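The values are calculated or read from the model by the stated rules, or taken from the named source; none is laboratory data. Given the structure is predicted, the values throughout are model-derived calculations rather than measurements. Because the Cβ atoms are built from the backbone with ideal geometry, glycine has one as well, and the counts that use them run over all protein chains shown. We work out accessible area using only protein heavy atoms, side chains counted, and drop any ligands, DNA or RNA first. Shrake-Rupley method; radii C 1.70, N 1.55, O 1.52, S 1.80 Å.
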Amino acid sequence: MIEEIILAKCCEAVQHLYGQEVSPGSIGMEKTKKEITGDFTIVVFSLLKISRKSPEDTAMEIGDYLKNNIPEIAEFNVIKGFLNLVLSDRFWGDFLSREGTRTGYGFRENRHEAPVVLEYSSPNTNKPLHLGHIRNNLLGFSLAEILKANGHDVVKVNLVNDRGIHICKSMLAYMNWGDGETPQSTGMKGDHLIGKYYVLFDKKYKEEIRELVATGMTAEDAEKKAPLILEAQDILRRWEARDEAVVSLWKTMNGWAYEGFDQTYLRLGVDFDKVYHESETYLLGKQLVMDGLKSGALVGKEDGSVWADLREEGLDEKLLLRSDGTSVYMTQDLGTAELRNDDFHPSAMIYVVGNEQNYHFDVLKRVLLKLGKDFAANIHHLSYGMVELPMGKMKSREGTVVDADDLMDEMFATAETTTRELGKADELSQPEANKLFNTIGLGALKYFILKVDPKKNMLFDPAESIDFNGNTGPFIQYTYARIQSLLARAGGAGYDWKSRRADLLNPLLPLEKETIKRLFLFEEAVVVAGKEMNPSVIANYVYDLAKVYNQFYQELPVLKEENVEKALLRLAVTSMAGEVIRRSMKLLGIEVPARM
RNA sequence: GGUCCCGUAGCUCAGUUGGAUAGAGCAACAGCCUUCUAAGCUGUGGGUCGCGCGUUCGAAUCGCGCCGGGAUCACCA
């Protein structure tokens with residue numbers, strides 16, 4: 001890579017000029033700011049102690065050395081302590097002809113190492129998916145694509161939370177007031193039908209609490225003593241005892257939820273290689289804890305409960321087994337982590353889970369290490385922020401959620417309206433038009449979510465529909481469609497930019513070079529996105545590329561260019577831009593239309 | 001209260017291994033379609049980077065202290 005060459009030669013320059021060795025890492029190099037002439041900039045302030053000269057002189061001397069020793073450097077300029085290096089047009093031309101038509105550009109070859117296990121989605125079967133899940137699903141799917149592009153094998157797993165008190169609440173409400181409704185009889189999607197009863201339970205439960213409080217009970221007691229919650233707990237006990245009626249209803253209702261989820265996943269374009277169910281894994285981890293107790297890694301208390309003492313690490317004591325010997329959430333996660341390790345022997349395990357569980361995952365990792373499970377060192381929590389509404393946090397129980405299916409419907413409808421207003425659906429058949437509306441609507445939604453740094457909370461205002469102009473998915477899709485249209489015309493006109501390389505008889509114009517430079521940065525964006533587990537790196541990259549390409553497109557004629565060499569060069573740039581946009585969007589799980 | 005995260009333009013967001021004059025989009029205003037798709041392009045206005053102190057040749061970026069917002073700290077999951 002050219003960056004490494006420059007850094008290495010820079011060290012050589014310092015050695016040669018000032019007789020002192022420096023490491024490449026100690027030299028500051030960055031991309032030159034766009035208002036300033038140059039491609040890479042070396043900041044020489046840190047070298048002044050060695051050179052014992054002014055910033056300007058130091059930069060000049062190093063610049064001279066680099067220019068004489070690196071053929072790719074055409075010229076340089078110095079502003080204060082900044083040495084701006086200009087690479088030759090030949091360098092950019094070589095890059096374009098070497099990588100422009102290579103199918104694997106930007107992606108690493110598969111390394112054939114142990115896979116990365118990536119858990120995401122992990123829904124509860126008591127309610128439908130909402131906007132928070134959408135963020136989770138999109139992040140998880142995109143991260144899997146990014147890791148694959150970095151040469152990793154990825155196993156996408158989903159751990160479905162299909163048991164527990166919250167499921168029993170939906171079941172109880174259905175038993176009491178369901179009246180035998182089914183998805184078929186109501187025409188409702190299964191997960192939505194179940195969600196309806198979850199909300200209903202909460203409503204009735206709150207009524208009971210109010211009544212109890214009115215009789216003089218404290219709110220806290222009322223929450224524990226309300227008949228409905230006692231009944232729900234009883235159902236949980238019967239479920240654990242394999243009571244036939246309860247298990248049968250549980251299976252039926254979970255089946256409805258799965259049918260609903262499958263539809264939503266399919267539409268959202270996400271999938272999984274393996275699905276775990278908590279009903280099958282919730283008893284795991286107990287043995288792990290007992291072993292830890294025996295070895296002395298964990299502590300038992302008089303009442304029989306078992307704890308991990310993390311006070312030395314700055315955390316608290318954490319309960320792992322209750323005094324009655326039953327498990328808690330953490331116990332189960334310890335067990336599933338080990339199960340997953342045994343199943344895949346992965347090089348890393350990534351959990352895409354909201355930042356409200358930061359503490360949980362911190363503890364999970366520490367306890368596993370305490371238990372001597374070295375694989376825990378390779379556990380990563382991709383912690384993402386909440387999606388907030390203008391009125392605050394979403395709450396399923398209170399029905400203040402943006403439903404995933406509804407939102408996708410709205411995006412489709414907006415895409416249809418906008419496209420028809422622009423008259424762009426006129427020549428399409430109905431199926432073609434629907435496919436396009438879906439591509440654009442989902443593209444807008446996915447990009448809206450993924451362009452934001454995962455770790456930050458983000459705001460979604462349902463009153464304002466997601467934009468299709470500016471820094472948006474449709475903007476990028478549009479750029480791609482425009483490129484395809486141009487390339488199709490060029491092919492028809494007999495231009496052969498793939499096999500015939502432009503000769504660069506003319507110097508590159510600024511916009512030509514700017515666009516090629518963005519294309520050059522794709523490889524780095526993929527690496528950084530993978531290393532930081534951050535799809536927004538790709539989203540911001542591809543926006544920047546599309547923006548620069550649009551300037552190029554607006555300012556420079558391609559097919560209208562009379563100089564054939566120029567036309568071929570611009571077609572090569574155009575073609576590569578289209579391909580890199582497509583590949584970038586693929587990393588985000590966003591489709592790109594041939595026309596729109 | 002302890003721990004962690006966040007605070008950048010009216011709004012939504014970029015920008016941190018410390019670098020040059022802090023950037024986009026939306027919204028507002030003014031231009032550009034007889035020429036490759038105007039979901040586009042160009043321009044104008046808009047900032048004490050929450051506040052203060054410190055480290056440094058240099059701080060949105062690092063440290064300390066405040067202010068404001070959020071999460072978490074259950075024999076819940």
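Being among the polar types (S, T, N, Q) and more than 10 Å from RNA strand B (Cβ to nearest atom) holds for only one residue in A:T414, A:T336, and it is A:T336. Scanning the stretch A:273-296 turns up at least one residue that is assigned to a strand (DSSP E or B), more than 16 Å from RNA strand B (Cβ to nearest atom) and either under 21 Å from A:L339 (Cβ atoms) or open to solvent by less than 20 Å² (accessible area, probe 1.4 Å) (or both).
Only a single item in (1) under 23 Å from A:L143 (Cβ atoms); (2) within 8 Å of RNA strand B (Cβ to nearest atom); (3) of a type in the set (A, V, I, L, M, F, W, C) is not met by A:F522, and it is number (2). Selection of first residues in the stretch A:465-492 that are more than 16 Å from A:D544 (Cα to Cα) and of second residues that are modelled with pLDDT under 95 and basic (K, R), restricted to Cβ pairs under 6 Å at least 6 apart or on distinct chains, gives the following pairs, ordered by first then second residue: A:A481/A:R595.
Would it be correct to say that A:S396 is open to solvent by 20 Å² or more (accessible area, probe 1.4 Å), hydroxyl-bearing (S, T, Y), away from RNA strand B (no atom under 11 Å from the Cβ) and modelled with pLDDT of 90 or more? The answer is no for A:S396.
Quick one: would you say A:D426 is acidic (D, E), farther than 13 Å from A:I134 by Cβ and within 11 Å of RNA strand B (Cβ to nearest atom)? So A:D426 does not fit the description; no. Summed over the stretch A:551-590, the residues that are within 14 Å of RNA strand B (Cβ to nearest atom), in contact with a Ser or Thr (Cβ under 9 Å, 6 or more places away or on another chain) and open to solvent by 50 Å² or more (accessible area, probe 1.4 Å) give a count of 2.
Within the stretch A:307-324, the set of residues being touching a Ser or Thr at 6+ places or on another chain (Cβ under 9 Å), more than 8 Å from RNA strand B (Cβ to nearest atom) and free of Cβ contacts under 8 Å to residues at least 40 places away in the same chain comprises A:L321 only. Of all the residues in the stretch A:209-228, those that are crowded, with 18+ Cβ neighbours inside 10 Å and in a helix (DSSP H, G or I) number 4. Does A:D324 satisfy the condition of being over 15 Å from A:R366 (Cα atoms) and at pLDDT below 90? Here the answer is yes, as A:D324 does meet what is asked.
Only residues that are at pLDDT 95 or above and part of a helix (DSSP H, G or I) were counted across the stretch A:341-357, and they come to 4. Counting only strands (runs of 3 or more DSSP E) that sit wholly inside the stretch A:1-107, those with at least 1 residues that are farther than 17 Å from A:K517 by Cα and in contact with a Ser or Thr (Cβ under 7 Å, 6 or more places away or on another chain) are A:28-31, A:73-79, A:82-87.
Out of contact with any Cys (no Cβ under 9 Å at 6 or more places or on another chain), within 26 Å of A:E145 (Cα to Cα) and exposed (fewer than 15 other Cβ atoms within 10 Å of the Cβ), is that true of A:K456? In short, yes. Against the test of being more than 8 Å from RNA strand B (Cβ to nearest atom), at pLDDT 95 or above and assigned to a helix (DSSP H, G or I), the options A:A529, A:A546, A:A481 yield a single qualifying residue, A:A529.
When only residues in the stretch A:25-63 that are without any contact (Cβ under 8 Å) to a residue 24 or more places away in the chain and crowded, with 20+ Cβ neighbours inside 10 Å count, which is nearest to RNA strand B (Cβ to nearest atom)? So, considering only residues that are without any contact (Cβ under 8 Å) to a residue 24 or more places away in the chain and crowded, with 20+ Cβ neighbours inside 10 Å, the one nearest to RNA strand B (Cβ to nearest atom) is A:I27.
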